[in-house]
Amino acid sequence: MRRGTLLTLVFGLAAVMCLTAGLTYHTYAAPQPVRLTVATADLSSGKAQLKSAGPLAFGPDGLLFVGDSVGASIVALDTNDRTPGPDAKFDIKGINAKIASLLGTSSDQILINDVKVNPISKNAYLSVSRGRGPDATPVIVRVDQTGQLTALSLDNVKHSSISLVDAPKNAQSSGFGGDPRMQTITDIAFVNGNIIVAGLSNEEWSSALRSIPFPFAQAAKGATIQIWHASHGDFETEAPVRTFVPYTIQNQQYILAAYTCTPLVKIPVSDLKPGAHVKGTTIADLGSGNRPLDMVPYQKGGHSYILIANTSNGIQKLQADNLEAYKPITSPTVMDTGGVPFQKINELKGVQHLAHLDDSNALVLMDGNGNGSLDLRAIALP
């Protein structure tokens with residue numbers, strides 16, 4: 001290199017160093033998402049306003065979400081139940097009588113609306129009506145594995161709530177019977193920071209799925225759903241989803257939804273935009289004259305299954321491998337059963353509610369003897 005060129009480079013570098021000596025460099029780091037905990041969930045202490053207690057769902061950090069159809073709202077409660085519990089071994093006889101005794105009434109005045117398990121503590125939570133009808137008193141009951149029952153205090157609890165803007169009015173008629181307002185919320189789940197809420201709306205397509213971000217801000221209208229109901233041989237927009245589970249198919253998040261009489265439908269979560277009309281894809285029909293109650297997905301022996309509790313068809317075990325491979329059931333197909341294969345689990349009778357307990361077990365509320373006395377039992381997933 002020539003001497004003149006070298007000197008030019010040296011003086012140029014020195015000049016750059018002098019010019020930048022007084023500058024401060026800033027590097028940009030993308031903001032990290034805040035982990036959802038009770039501390040970050042924007043909860044307030046005070047009385048939680050519940051007019052009814054229906055479907056339940058757990059979120060992170062022991063947060064319990066309660067569907068209130070009468071009040072047309074979702075309420076988030078801090079259960080303050082975050083101590084890890086042992087492997088669950090529930091076997092509690094006559095749980096409805098025990099709840100009645102706790103609440104100072106008789107068993108015939110107790111209605112257990114839903115059962116869920118806190119994934120941290122493994123305690124069971126039951127939404128209960130003390131009394132019958134829309135004027136019944138809502139109660140949340142916690143049950144540990146020893147059978148100890150506690151009514152969760154709603155008078156001074158950290159909580160938040162959001163009102164649904166598209167709830168049906170009490171006077172609205174329904175094409176499938178029942179009070180539409182009492183079916184505003186038929187099932188709920190916490191999915192990727194949102195509360196998914198199934199039920200009826202006041203829209204022309206009254207069957208709705210709402211996706212509500214949490215912490216709560218303001219609810220928008222839900223998406224309304226149309227399906228092909230093969231056992232009825234018609235398109236359906238009025239019947240609500242009765243129970244559902246979030247499920248990943250080929251790396252895409254879906255809602256697997258079960259309806260009365262009993263189509264099983266997949267609905268992409270990404271389609272659940274406010275006010276959207278969404279057409280679900282029917283992939284199975286599990287039998288007419290039946291209402292599905294609860295679903296629990298699980299894996300066993302290298303395969304995926306979904307256990308479904310029903311009013312008339314007992315317990316069904318659905319083969320859930322490769323759900324994308326099943327041909328959609330659509331117009332003009334009419335069938336009573338078909339699509340994704342399933343088998344009936346005859347050993348389990350009288351199941352009224354079914355909940356995930358751990359990777360190997362489910363929790364069932366069952367009237368095994370048909371005498372009205374309900375047991376809360378852990379069962380091995382079949």
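Scanning the range 361-382 for residues that are open to solvent by 30 Å² or more (accessible area, probe 1.4 Å), within 26 Å of Ala284 (Cα to Cα) and touching a residue at least 60 places away in the same chain (Cβ under 8 Å) yields Asn361, Pro382.
In the condition set (1) of a type in the set (D, E, K, R); (2) open to solvent by 30 Å² or more (accessible area, probe 1.4 Å); (3) in contact with a strand residue (DSSP E or B) (Cβ under 9 Å, 6 or more places away or on another chain), Lys122 is compliant with all but (3). Please go through the range 258-273 and pick out each residue that is of a type outside the set (Lys, Arg), free of Cβ contacts under 8 Å to residues at least 60 places away in the same chain and either open to solvent by 30 Å² or more (accessible area, probe 1.4 Å) or assigned to a strand (DSSP E or B) (or both). The answer is Ala258, Val265, Ile267, Pro268, Ser270, Asp271.
For the range 161-182, filtering for residues that are among the aliphatic types (A, V, I, L, M), modelled with pLDDT under 90 and open to solvent by less than 60 Å² (accessible area, probe 1.4 Å) leaves 0.
Of the conditions (1) over 16 Å from Glu236 (Cβ atoms); (2) open to solvent by less than 10 Å² (accessible area, probe 1.4 Å); (3) hydroxyl-bearing (Ser, Thr, Tyr), Tyr326 fails just one. Which one is it? Against the list (1) over 16 Å from Glu236 (Cβ atoms); (2) open to solvent by less than 10 Å² (accessible area, probe 1.4 Å); (3) hydroxyl-bearing (Ser, Thr, Tyr), Tyr326 comes up short only on (2).
Annotation: of all residues in the range 134-149 being surrounded by 14 or more Cβ atoms within 10 Å (Cβ to Cβ) and polar (S, T, N, Q), the one that is modelled with the highest pLDDT is Thr137.
Is there a residue in the range 288-306 that is closer than 25 Å to Gly233 by Cβ and among the polar types (S, T, N, Q)? Yes, some residue in the range 288-306 is closer than 25 Å to Gly233 by Cβ and among the polar types (S, T, N, Q). What are the pairs with Cβ atoms under 8 angstrom where one residue, in the range 193-204, is without any contact (Cβ under 8 Å) to a residue 24 or more places away in the chain and on the phi > 0 side of the Ramachandran plot and the other, located anywhere, is part of a loop (DSSP other than H, G, I, E, B) and among the aromatic types (Phe, Trp, Tyr)? Sequence gap at least six, or different chains. If the second residue must be part of a loop (DSSP other than H, G, I, E, B) and among the aromatic types (Phe, Trp, Tyr), no pairs are left. Lys158: under 19 Å from the mean Cα position of the chain (by Cα) and either buried (at least 19 other Cβ atoms within 10 Å of the Cβ) or modelled with pLDDT of 90 or more (or both), yes or no? So Lys158 fails the test.
Report yes if Ile255 is surrounded by 20 or more Cβ atoms within 10 Å (Cβ to Cβ), out of contact with any Asp or Glu (no Cβ under 6 Å at 6 or more places or on another chain), over 25 Å from Ala362 (Cα atoms) and of a type in the set (Val, Ile, Thr), otherwise no. When the stated conditions are applied, Ile255 does not pass them.
Residue count for the range 279-314, restricted to those that are of a type in the set (Val, Ile, Thr), over 17 Å from Ala355 (Cα atoms) and surrounded by 21 or more Cβ atoms within 10 Å (Cβ to Cβ): 2.
Determine whether Asp336 is of a type in the set (D, E, K, R), out of contact with any Phe, Trp or Tyr (no Cβ under 8 Å at 6 or more places or on another chain), on the phi < 0 side of the Ramachandran plot and open to solvent by less than 70 Å² (accessible area, probe 1.4 Å). Criteria not met by Asp336.
Applying a threshold of 7 Å to beta carbon distances and a minimum spacing of six or more residues, or different chains, the list of pairs starting in the range 42-57 at a residue that is touching a residue at least 60 places away in the same chain (Cβ under 8 Å) and ending at one that is assigned to a loop (DSSP other than H, G, I, E, B) and of a type in the set (Val, Ile, Thr) reads Lys51/Val70; Ser52/Val70; Gly54/Ile185; Pro55/Ile185; Pro55/Thr186. Cβ separations smaller than 6 Å between residues 6+ apart or across chains give the following pairs from the range 323-347 residues that are closer than 20 Å to Val245 by Cα and of a type outside the set (Gly, Ala, Ser) to residues that are open to solvent by 70 Å² or more (accessible area, probe 1.4 Å) and part of a loop (DSSP other than H, G, I, E, B): Glu324/Gln250. Kindly indicate which of Ala355, Ala320 is modelled with pLDDT of 95 or more, under 30 Å from Gly94 (Cα atoms) and open to solvent by less than 20 Å² (accessible area, probe 1.4 Å). So the residue among Ala355, Ala320 that is modelled with pLDDT of 95 or more, under 30 Å from Gly94 (Cα atoms) and open to solvent by less than 20 Å² (accessible area, probe 1.4 Å) is Ala355.
The values are calculated or read from the model by the stated rules, or taken from the named source; none is laboratory data. In this text, all values refer to a predicted model and were calculated from it rather than measured experimentally. Don't worry about glycine lacking a Cβ; one is built from the backbone with ideal geometry, like all the others, and counts go over all protein chains shown. SASA here: full protein model, heavy atoms, side chains in, ligands and nucleic acids out. Shrake-Rupley method; radii C 1.70, N 1.55, O 1.52, S 1.80 Å.
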